Amino acid sequence: MKLVAQLHLKPTDQQRLLLKATLERANAACNAISEYAWAQQTFGQYALHDALYHRLRAEFSLTAQLVIRCLSKVADAYKLDKHAKRHFKEHGSIAYDQRILTYHTAQQVVSIWTLPGRAALAYVCGERQQELLKHQKGETDLVYHRGKWYLLATCELDDPTPAEMDGWLGVDRGVVNLAAYCDGEIFQGAGVEARRQWLTRRRQELQRRGTKSARKRLRHLAGQQDRFQRHVNHCLSKQLVLKAKRTKQGIALENLNGINLRTRVGHQDRARRGNWSFDQLGTFVKYKARRYGVKYSEVDPRYTSQRCAACGHTDKANRRAQADFLCQACGHTYHADLNAAINISEAASRACESHPSGLGKRAHGLDTDRRPSVRQGQRSRL
């Protein structure tokens, strides 16, 4: 599997100027390549290489390998579609490979090509990144973001063999409760919501003020909510995967693709719902499970919150409120999110029994003979 190690470069003032000049020259070359590709309607990397390689070397004074990386960047940009001309920002990232960038991990120094020649730059990173760099292979992106320089190094790790498991740890994701486990553990989202509301009020106050210092503070606040929520999702996903590994269980989640199109929420809950990063949490769980050798499965989410985990009766009236579940058939009562998590776990188990070789794919394990009709776009309970 491929992971990315982020390194924070610590260049001197002179090295900052060299890096910035190198980015500007490389992206100017990318724009020249894009101009030719659009005019000639030629978008393949090899065709562009044959037509422009020597011209780019002479005109932009770039090393041979950086010219190849620029050609690759433009060709990749046109792979999505060829209906619009591509333009590259002056300080957009540039990919380096092992021929023009070398890591010296013992000294935490990287040797990187710049316009005048090679430059040795110090970098800092955490223990996790140091461990990942032992498996560095492939390209590394040089990134300039908000006045700071970073390297994003691609690292290839071997996939561990998934261990034998004793069952499935079903997890229900939500807005009020970020995650509820089938064993009764709940992680509430009150902290994330409180942080979002504080930042929203703070931004509104600063925007109304409109002074120079207020605008400076707004720039400082930019992206804080995203970073905070990413941190929460990283911590939660790692805790979930390690728990599954410790208890020898697989992880089962709902497949929530397209849920924003299928359901609606009230006006007062739109901001909260829009802030729900369930997809990011699911992505983190999936890749961490793969890294730690934990089996992973996705199940059909339909009626997991309406089905009684005790008797299997499915009815919309069973879900009385966001947190309350009361079965209309057997009287079973439980926390609604925990009841859904048990349903998810059972659905994954049934799918595993029916298709033992299909682990990791979407599983359909809920009963189909007792499903009530549901209107498209029904209002959801957060």
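Okay, residues lined up against (1) over 27 Å from Lys2 (Cβ atoms); (2) of a type in the set (Phe, Trp, Tyr); (3) buried (at least 17 other Cβ atoms within 10 Å of the Cβ):
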site	(1), (2), (3)
Ala37	yes, no, yes
Tyr46	no, yes, no
Arg55	yes, no, no
Lys79	no, no, no
His87	yes, no, no
Cys125	no, no, yes
Gln129	no, no, yes
For this session: Could you tell me whether any residue of the stretch 221-241 is closer than 30 Å to Met165 by Cβ and either touching a residue at least 60 places away in the same chain (Cβ under 8 Å) or not assigned by TED's automatic domain parsing to the domain that holds Lys295 (or both)?
Result: yes
Problem set entry | Residue that is nearest to Arg128 (Cα to Cα) [pool: residues in the stretch 208-236 that are within 14 Å of the chain's Cα centre (by Cα) and polar (S, T, N, Q)] | Asn233
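Here's the yes/no breakdown for (1) among the charged types (D, E, K, R); (2) assigned to a loop (DSSP other than H, G, I, E, B); (3) surrounded by 14 or more Cβ atoms within 10 Å (Cβ to Cβ); (4) touching a residue at least 24 places away in the same chain (Cβ under 8 Å):
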| site | (1), (2), (3), (4) |
| --- | --- |
| Leu151 | no, no, yes, yes |
| Cys155 | no, no, yes, yes |
| Asp172 | yes, no, yes, yes |
| Val175 | no, yes, yes, yes |
Problem set entry | Test for Ser380: is it surrounded by 13 or more Cβ atoms within 10 Å (Cβ to Cβ), of a type in the set (Gly, Ala, Ser) and at pLDDT below 90 | yes
Problem set entry | the stretch 328-377, subset of a type in the set (Asp, Glu) and not in a loop (DSSP other than H, G, I, E, B), residue modelled with the lowest pLDDT | Glu353
For this session: Might you let me know whether the stretch 28-46 holds any residue that is among the β-branched types (Val, Ile, Thr), farther than 20 Å from Gly138 by Cβ and in a helix (DSSP H, G or I)?
Result: yes
For this session: Inspect all residues belonging to the stretch 153-172 and state whether any of them is more than 24 Å from the chain's Cα centre (by Cα) and of a type in the set (S, T, N, Q).
Result: no
Exercise. Among helices (runs of 4 or more DSSP H) lying entirely in the stretch 258-327, which contain 2 or more residues that are modelled with pLDDT of 85 or more?
Worked result: 278-292
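The values are calculated or read from the model by the stated rules, or taken from the named source; none is laboratory data. Please read all numbers here as calculations on a predicted model, not as lab measurements. Counting neighbours? That spans all protein chains shown, and the Cβs are built from the backbone with ideal geometry, glycine included.
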